[in-house]
Amino acid sequence: MRGLARREFCLVLLRRMADVRPDLVAEALPKLSATRAQANAAHTRWQALHHSPRAPRGLALRTAVLGPPDTCVARPHGDLVLELRQWPLPLWPQLRWRVVTAPGGEVLDEQLVRGPGSGVPRASADRLLTWQHVVDDVAAVPGTSHADPGTAAHWEVELPDGRRARFVWGLLQEVRDQPAMRRAPA
């Protein structure tokens, strides 16, 4: 896709992450040889594609930007057979961008997930690694539960001690204490 490829797609992801961790985004931009202006331009281009009547939609848009996926796995889910496609991204070599689609290419979910052979240590309630652990890593910790963050592209997992792990595009951004008034009753 003219003006967008995997590097620029990373910049698009960083734009949403900057809402939570502008410090980590500022550190990441030089790793992509990018400026904040280039990140903004990539985000603007991505948004324009989503609103253009001539641009591809759903899976076709992701494939136009990211190229063919490294893997495509069919996964039965009730009466549907979903397809899970994954792409490596230059900024996070231990992770993959996963797109889950319904028959016909409608995108149902997309986020960063653990890549094959990743050397990232297993997550535990007392060892959560920012920008290394993903939602599935933390959700596998015993005693955790998903929580509604109320924001698109964000996820939260409540830890057994009441803290919340916050994710953007599936990647851990921060772990924070929850105010007592928002905790669910025991």
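The table for this structure:
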{"read-out": "Residue exposure sequence - Val141, Val107, Val134 - by fewest surrounding Cβ within 10 Å", "value": "Val107, Val141, Val134"}
{"read-out": "Alpha-carbon centroid distance for the pair the range 22-48 / the range 86-113, whole angstrom", "value": "19 Å"}
{"read-out": "Mean Kyte hydropathy of 0.0 or more with a Cα span along the axis of at least 15 Å, helices from DSSP in the chain", "value": "6-17"}
{"read-out": "Stretchable slack from Val107 to Ala41, in nm (0.36 nm times residue separation minus alpha-carbon distance)", "value": "21.4 nm"}
{"read-out": "Net charge dipole size for the chain [Lys, Arg +1 and Asp, Glu -1 on Cβ; Debye, nearest 20]", "value": "580 debye"}
{"read-out": "Computed lengthening from His50 to Arg75, 0.36 nm per intervening residue step minus Cα-Cα distance", "value": "6.3 nm"}
{"read-out": "Computed [θ] at 222 nm, deg cm²/dmol, the chain (DSSP H ≥ 4; -39,500 (n - 2.57); rounded to nearest 500)", "value": "-7500 deg cm²/dmol"}
{"read-out": "Among Leu112, Val100, Pro22 the positive-end extreme of the charge dipole of the chain (Cβ point charges)", "value": "Pro22"}
{"read-out": "Cα pair count fraction exceeding 19 Å, expressed as % - the range 1-100", "value": "48 percent"}
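Bear in mind these aren't lab numbers, they're just calculated from the coordinates by the rules spelled out. Since we're looking at a predicted model, the values are computed, not measured. For neighbour counting, all protein chains shown are included, and Cβ atoms are generated from backbone atoms with ideal geometry for every residue, glycine included.
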